[in-house]
Amino acid sequence: MKQLSDRDIAEMIGGEFSPDDTDTRKRVRSELHLWRRIPHDAPTVPNHATLDLHQYTEEQAWDAIMALATSGTRTANIITGASGILRQKFPQWATNSILAPYIVSFSPINNGSFAVKFKKSSKE
């Protein structure tokens, strides 16, 4: 088995090295300890999340909800608070905005929270 030289490593870093077989790729990965630097699997998305919007501005809340809707999470509890603009805005956003296509259903849990079910992400 060939040991990697400094020149081999320099070529790999420069993007010129292309391993031609599985064994070579495994050896290179092992010698460079890439398992510590490059994760093998994509991070998993939780099936359920809780998003507390207390102290969020309207814009921050919108961004957080859109990020959650597009993350691949399937269900969420969104806490808007019992009073305030977000309690009124969320149902509007969920039915009459670009957020609506991501939502299968939503229902109030109590006076300040909603249970939301998102559509399955196309990434899955």
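Tabulated data
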{"item": "Long-range amide H partners of Leu51 with built H, under 5 Å", "result": "Asn77, Ile78, Ile79"}
{"item": "Kirkwood estimate for the range 48-118, i.e. one over the average of 1/r between Cα atoms, Å", "result": "11.7"}
{"item": "Integer Hz, Karplus 6.51/-1.76/1.60 couplings in order for the range 53-69, x for Gly and Pro", "result": "9, 4, 6, 8, 6, 4, 5, 5, 5, 4, 4, 5, 5, 5, 4, 5, 5"}
{"item": "Under Karplus coefficients 6.51, -1.76 and 1.60, residue-wise ³J(HN,Hα) of the range 86-94 in Hz, glycine/proline x", "result": "5, 4, 7, 6, 4, x, 5, 4, 5"}
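We did not get these values from a lab; they are worked out from the coordinates using the rules stated. Just so it is clear, the structure is predicted and the values come from calculations on it, not from any experiment.
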